[in-house]
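The values are calculated or read from the model by the stated rules, or taken from the named source; none is laboratory data. Quantities reported herein were computed from a predicted structural model and do not represent experimental measurements. Every residue, glycine among them, receives a Cβ derived from its backbone with ideal geometry; neighbour counts consider all protein chains shown. Ligands, DNA and RNA are stripped out before the accessible areas are found, and what is left, the full protein with its side chains, is counted by its heavy atoms. Shrake-Rupley method; radii C 1.70, N 1.55, O 1.52, S 1.80 Å.
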Amino acid sequence: MKKLLLLTILLQGFLFASLRVDTTYSTMGLITQKIGGDLVNVTVLGSSKYDPHFIVPKPSLIAKLRRADLLIMNGGGLELGWLPPLLRAANNAKIQNGAKGLLDMSHYISMIDVPSSVSRAFGDVHAQGNPHFSTDPNQVLVMAEAIKKKLIQLDPENEKIYQENFNVFQKKWQRYLQNFDTKMQMCQGKKVVQYHELYNYFLKRYDIQSIGNIEPLPGISPSSKHTLALIMSMRQNHVKTILQDVYHEQKTAAFIASKTGAKVQIIPHDIRAVKGSDTLENFYNIIGKRICN
Amino acid sequence: MQKKLLLSLFAFTSLLADSEVEMLKQQLLQQQKITQKLLTRIEALEVKQKKVVHTVQQQAAIKNVNTSASFSQNAYLPDMAFILNMSALDRNVKNSNYTTYDIPGFINNIGATGELPFNKNDGFNFNYAEVALRSTVDPYFDAFAIFHLSPAAFAIEEAFVKTRAIPYGIQIKVGTFKSDFGRINSKHQHVWQFDTQPIIYKSLFGPDGISDAGIQAQWVAPTDTYIMAGVEAFAGTNSRSFGADTQNRHLYVGYLKSSVDIRDDLSVLGGVSIAHGDNYDNNVTNPTNIYGLDLTLRNQLGSYSSLVWQSEFLQRDKKLSTRTDKQSGLYSELIYQYNNNWYAGVRYDTILKNDTDLSAYSGVDTSNLDRYTAKIDYHPFPMSRLRLQYSYDRTKVIEGERKDINEISLSLNIAAGAHGAHNY
Ligand SMILES: [Zn+2]
């Protein structure tokens, strides 16, 4: 009887063998779920409550990496501050750099803001360009296609299913984007400031101008000198919207708002970062609505 | 031209096609073959020449877009970081006296051990510069090297290769490296939460901890909960606890670590460790066992704010020719990160059990050996750190008398170059 039970458990393991996929952030996790369906078991490593540059490297994440068949990372240096030691400690040959089971999403994106010279004198800059591409709904299909290709490469037997899921998703997303683009048209030429350059892909796409950042240099806390200069420039340019993320302090933004009459908008940087941003559609709708407002 | 030559040769052959000149015919046939060979060679040369001209023209058409040096290998350079550590210090003991301190039962005249402690001098100290290199050698190995340069010495602090492609969650490390015994043994001074080493670590292992040439194997269990087991074998050169005779010394280390998330923002990491080696006393080799227990609780209050409580207990059982010494101690620290720039912390260090020969300290109170430490860190930028630390140290005997030491230090640590990722 016991043996029979064990056998069925084992068989079940074989019959319903699904790919274990870890993604560093939630948006990529959700897209993977769309393309992989029941064939994948998705685990998101970085909570969207926290700064994506500084996910707390909890040992429990090592256990999650240990059994992954595929690790989908954002790349572009976004995980540099937390992922490398976890990956080294996980002892999982399948997902090491250079292995088939590692997908670096930034390799498929046309990166913007690539600095021509890099020095820490300019703060903690992203040397490979702006890695915050997942806040732009126009990058979703690029990501979905890269994920589809990778899943097929790892699990060629189910190619048809992945392709079908992708086709369905693609159609749906193209329709969504058409709708989204028309909605965003009325915001062309709008001017904003942001805390960190999290939304540059989005702003560029929809012709919205970013006048400056609350942080004086990437990764450096606000200084009064820089804040005053930003207020001046916002007044000159009639900027009425401040894009604030969920994980930085909000006092500086509130201060700037009080001096300029601008409105602070909390913009999610990842799925579930703010209430109601639990699906891809809702996530980008909230970004669009709050930037446009 | 060549074809004509061939033709005339043929004609010549046919003219002389006579039984009398069979030999000549043979010779001619041979000549004919040679000529044919020459012909094909000439043709080949002609084709080649055409090709060369063609490529030259094509190259002229390509624009010169890349002027990188042809033999540059910059992309393959190892990740490199360098660290500078210095301090200004005020202590209520003269330097000449401080360098002779005892920790009763553990350290007898620190100066004589040859260990130059960090922040040795009352006044200014340039402690060290460190260069760390990390590179992937090939699909199978990662290589690491950390060079430690102090004003008086150059040392290879760590240099090892680590496997990256062994299945079943196994990883092998070979070289000279810091053991993963306990919680902080493997950590370098510049990432410690306090500038001073916990008393029990300093007492049992010395300033570098267990750091030796050897081999390590670690295994991560394929479970939802983090479980890691490791074994290590070392040359056994740590003389503080082990120091057997140079022929037969050895040191084995084993540990088991596990971690669970109680909530998304509250996690616990615990470990048990053992180090087993030999000591050499009165020309007899006897075993030394050191046991370690560690526990860390981390409560994340935001992206840049957290509360971490970390404690370690270590016990040494050292068998000697006439008796067995049993000694133990612990430290417990609480670190609060307020934001990106500010940290504060307190630590308590104590020796719990000191069951050894203390006859050299007759008339000296050797009980209640402990130390209190508090610190504030300021990070003006992510890569630099200023630390103000105060300690009240009641573990030292200087010139035959128990001496309580008050020490205040301001240290500066700079980490330039490649990012070291953050610690748990
Ligand atoms: Zn960034």
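Some notes on this structure:
- So residue B:214, is it within 14 Å of chain A (Cβ to nearest Cβ) and modelled with pLDDT of 95 or more: no
- The set of residues in the stretch B:313-355 that are small (Gly, Ala, Ser), surrounded by 19 or more Cβ atoms within 10 Å (Cβ to Cβ) and more than 14 Å from residue B:289 (Cα to Cα) comprises B:329, B:345.
- Any hit, the stretch A:253-266, residues being open to solvent by 40 Å² or more (accessible area, probe 1.4 Å), touching a residue at least 24 places away in the same chain (Cβ under 8 Å), under 25 Å from residue A:46 (Cα atoms) and away from the ligand (no atom under 16 Å from the Cβ): yes
- Against the list (1) more than 16 Å from the ligand (Cβ to nearest atom); (2) in contact with a helix residue (DSSP H, G or I) (Cβ under 7 Å, 6 or more places away or on another chain); (3) part of a loop (DSSP other than H, G, I, E, B), the condition residue A:177 fails is (3).
- Tabulated pairs, the stretch B:147-175, first farther than 23 Å from residue B:78 by Cβ, second part of a strand (DSSP E or B), C-beta under 7 angstrom, 6+ apart or interchain: B:151/B:126; B:169/B:219; B:169/B:220; B:170/B:217; B:170/B:219
- Qualifying residue in the stretch A:122-130 (condition: modelled with pLDDT of 95 or more and over 20 Å from the mean Cα position of the chain (by Cα)): no
- Hey, residue A:46 part of a loop (DSSP other than H, G, I, E, B), over 11 Å from the mean Cα position of the chain (by Cα), within 16 Å of the ligand (Cβ to nearest atom) and under 28 Å from residue A:129 (Cβ atoms) or not: no
- Filter result for the condition that a residue is within 16 Å of the ligand (Cβ to nearest atom), more than 7 Å from every other protein chain (Cβ to nearest Cβ), touching a helix residue (DSSP H, G or I) at 6+ places or on another chain (Cβ under 7 Å) and of a type in the set (Val, Ile, Thr), over A:72, A:55, A:109: A:109
- Residue check: residue B:186 meets all listed conditions (1) surrounded by 22 or more Cβ atoms within 10 Å (Cβ to Cβ); (2) within 19 Å of the chain's Cα centre (by Cα) but one, namely (1).
- Every pair of residues 6+ apart whose Cβ atoms lie under 9 Å, when the first sits in the stretch B:297-322 and is within 14 Å of another protein chain (Cβ to nearest Cβ) while the second is of a type in the set (Gly, Ala, Ser) and open to solvent by less than 20 Å² (accessible area, probe 1.4 Å): B:297/B:267; B:298/B:267; B:298/B:306; B:299/B:267; B:299/B:306; B:300/B:267; B:300/B:306; B:308/B:345
- Meets criteria (away from the ligand (no atom under 16 Å from the Cβ), open to solvent by 50 Å² or more (accessible area, probe 1.4 Å) and not in a loop (DSSP other than H, G, I, E, B)) for residue A:150: no
- Condition met for residue A:161 (in a helix (DSSP H, G or I) and either in the same structural domain as residue A:106 (by TED's automatic domain parsing) or within 16 Å of the ligand (Cβ to nearest atom) (or both)): yes
- The set of residues in the stretch A:116-141 that are polar (S, T, N, Q) and within 12 Å of chain B (Cβ to nearest Cβ) contains only A:119.
- Residue count for the stretch A:112-145 under the criterion of being away from the ligand (no atom under 16 Å from the Cβ) and of a type in the set (Val, Ile, Thr): the result is 2.
- Filter result for residue A:225 (touching a residue at least 40 places away in the same chain (Cβ under 8 Å), more than 17 Å from residue A:261 (Cα to Cα) and either within 14 Å of the ligand (Cβ to nearest atom) or not β-branched (Val, Ile, Thr) (or both)): no
- Scanning the stretch A:194-222 for residues being more than 16 Å from the ligand (Cβ to nearest atom) and among the β-branched types (Val, Ile, Thr) gives a total of 2.
- Restricting attention to the stretch B:250-279, the residues being crowded, with 17+ Cβ neighbours inside 10 Å and among the aromatic types (Phe, Trp, Tyr) number 1.
- Any chance residue A:61 is in contact with a Pro (Cβ under 8 Å, 6 or more places away or on another chain), open to solvent by less than 20 Å² (accessible area, probe 1.4 Å), facing another protein chain (nearest Cβ under 9 Å) and part of a helix (DSSP H, G or I): no
- Test for residue A:102: is it away from chain B (no Cβ under 11 Å), of a type in the set (A, V, I, L, M, F, W, C) and crowded, with 18+ Cβ neighbours inside 10 Å: yes
- For the condition away from chain A (no Cβ under 14 Å), farther than 30 Å from residue B:367 by Cβ and modelled with pLDDT of 85 or more, residue B:155 qualifies.
- Qualifying residue in the stretch A:222-229 (condition: crowded, with 16+ Cβ neighbours inside 10 Å and in contact with a Lys or Arg (Cβ under 7 Å, 6 or more places away or on another chain)): no
- Filtered residues of the stretch A:88-99 (kept if touching a residue at least 24 places away in the same chain (Cβ under 8 Å) and open to solvent by 60 Å² or more (accessible area, probe 1.4 Å)): A:94
- Subset of the stretch A:28-50 that is among the hydroxyl-bearing types (Ser, Thr, Tyr) and touching a residue at least 24 places away in the same chain (Cβ under 8 Å) - its residue that is farthest from the other protein chains (Cβ to nearest Cβ): A:32
Here's the yes/no breakdown for (1) open to solvent by 50 Å² or more (accessible area, probe 1.4 Å); (2) more than 14 Å from chain A (Cβ to nearest Cβ); (3) in contact (Cβ under 8 Å) with a residue 24 or more places away in the chain; (4) outside any helix (DSSP H, G or I):
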position: B:190; (1), (2), (3), (4): no, yes, yes, no
position: B:196; (1), (2), (3), (4): no, yes, yes, yes
position: B:209; (1), (2), (3), (4): no, yes, yes, yes
position: B:230; (1), (2), (3), (4): no, no, yes, yes
position: B:286; (1), (2), (3), (4): no, yes, yes, yes
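- Residues of the stretch A:98-119 that turn out to be touching a Gly at 6+ places or on another chain (Cβ under 6 Å) and not in a loop (DSSP other than H, G, I, E, B), as a count: 3
- Verdict on residue A:78 being within 16 Å of the ligand (Cβ to nearest atom), buried (at least 20 other Cβ atoms within 10 Å of the Cβ) and more than 9 Å from chain B (Cβ to nearest Cβ): yes
- Screening A:198, A:217 for residues that are open to solvent by less than 20 Å² (accessible area, probe 1.4 Å) and within 14 Å of chain B (Cβ to nearest Cβ) leaves exactly one candidate, A:198.
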